[in-house]
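The values are calculated or read from the model by the stated rules, or taken from the named source; none is laboratory data. None of these values were measured; they are calculated from a predicted model. All Cβ positions, glycine included, derive from the backbone under ideal geometry; neighbour counts span all protein chains shown.
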Amino acid sequence: MLPEQPPERRPHPLEEPSAPPAPPSQNTPTRTPVTLRIPAVAPTVTYVLIAINVLVFIARAVSVDINRALLDWGANNPVAVFEQGELHRLLTSMFLHASIRDDLGGFAFQNAIHLILNAYIIYVTGRGIEPLFGHLRFALVYLLGGLAGSIASALLSPSSVYSVGASGAAFAILGGEFVYLYKHRRLLGERGRAQMGGLISLGVMNLLLGILSTFSLGGARIDNWGHIGGAIGGAALAWMIAPFFLPRRDPTRPDSLIAEDINPLRANVRAVSLYVTALMALLIIGSLRY
């Protein structure tokens, strides 16, 4: 277990001390402010995931041949996944992005925006929830939620579509964050409700942009099904395995409360197994179409 509060993680709303008490009166009992502390870990998995995405992006920029080989081998495509049985594409496509090389082999630096946007979402969201979820729980929401997005994309996209990007996984952890905020809405109060509203606005704007991109006559299009599938998959998994903190009196500090997780991951092995089984069922449904 790493230190309870890594210095680089931004303070979480639950960890802030309560507001100063109002001046006491004859009819109002005196209140003593207390601090709620949440055991946390460093966002190591978040940094590792970003590093993998960046390294793959750099590797593809080395040469046109490497770029084409990685794309042909790893991009998500319904026919390749369901008809040819190349299931690895569901995972590898999560670590590929728009190539920095164009069709003629030259450099198209504007394509780096795809990676930058996804890395930013992973960075901000991961630093917020990985310390609270823990390394393994966060990784499960990212990877299994991302796979749900890849499967949704393969199931519902035209057979000619090739999809790449970490956005399905990014939306999975956004869905996980929304579930965490919702379950702790009483403790988080107005700030928590504002964060949930921001996540809803982000989802709606992304969906509208995705719909508009389908009418584009050229250029890249947003994978709506991958985003929707990732968000739903991440939220569904987080609903079962996300931590649920209850404040308890800290026996070592009379003026503090400590948050106790009453939904540890070890108690949710069956839930994770059921989730994986549901993903496999979707794969079977997809294979029956081809």
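Residue count for the stretch 90-111 satisfying the condition of being under 16 Å from Val64 (Cα atoms) and assigned to a helix (DSSP H, G or I): 2.
Would you please name the residue that is nearest to Leu288 (Cα to Cα), looking only at residues in the stretch 74-89 that are in contact with a helix residue (DSSP H, G or I) (Cβ under 7 Å, 6 or more places away or on another chain), assigned to a helix (DSSP H, G or I) and in contact (Cβ under 8 Å) with a residue 60 or more places away in the chain? Filtering the stretch 74-89 for residues that are in contact with a helix residue (DSSP H, G or I) (Cβ under 7 Å, 6 or more places away or on another chain), assigned to a helix (DSSP H, G or I) and in contact (Cβ under 8 Å) with a residue 60 or more places away in the chain, the one nearest to Leu288 (Cα to Cα) comes out as Phe82. Scanning the stretch 244-263 for residues that are under 19 Å from Lys183 (Cα atoms), assigned to a strand (DSSP E or B) and not aliphatic (A, V, I, L, M) yields Phe245, Pro247, Arg248, Glu260, Asp261.
Restricting attention to helices (runs of 4 or more DSSP H) lying wholly within the stretch 132-233, give those where 3 or more residues are closer than 21 Å to Leu274 by Cα.
Numbers: elements: 135-156, 167-183, 185-213.
Correct list: 135-156, 167-183.
Screening Ser256 against (1) farther than 25 Å from Met94 by Cα; (2) in contact with a Ser or Thr (Cβ under 9 Å, 6 or more places away or on another chain); (3) modelled with pLDDT of 95 or more; (4) not basic (Lys, Arg) leaves a single unmet condition, (3). Number of residues in the stretch 229-253 that are at pLDDT below 95 and either in contact with a Ser or Thr (Cβ under 9 Å, 6 or more places away or on another chain) or hydroxyl-bearing (Ser, Thr, Tyr) (or both): the value is 4. Residues that are acidic (Asp, Glu) and within 17 Å of Leu104 (Cβ to Cβ) within the stretch 62-91 comprise just one, Asp65. The residue that is farthest from the chain's Cα centre (by Cα), among those in the stretch 223-234 that are surrounded by fewer than 24 Cβ atoms within 10 Å (Cβ to Cβ) and in contact (Cβ under 8 Å) with a residue 24 or more places away in the chain, is Trp225. Among the residues of the stretch 203-218, is there at least one that is aromatic (Phe, Trp, Tyr) and without any contact (Cβ under 8 Å) to a residue 12 or more places away in the chain? Taking every residue of the stretch 203-218 in turn, at least one turns out to be aromatic (Phe, Trp, Tyr) and without any contact (Cβ under 8 Å) to a residue 12 or more places away in the chain. Take Leu174 and tell me if it is surrounded by fewer than 24 Cβ atoms within 10 Å (Cβ to Cβ) and not hydroxyl-bearing (Ser, Thr, Tyr). Here the answer is no, as Leu174 does not meet what is asked.
The set of residues in the stretch 257-290 being of a type in the set (S, T, N, Q) and either free of Cβ contacts under 8 Å to residues at least 40 places away in the same chain or crowded, with 16+ Cβ neighbours inside 10 Å (or both) consists of Asn263, Asn268, Ser273, Thr277.
With respect to the stated conditions, Arg193 fails to be over 28 Å from Ile38 (Cα atoms), over 16 Å from the mean Cα position of the chain (by Cα) and not hydrophobic (A, V, I, L, M, F, W, C).
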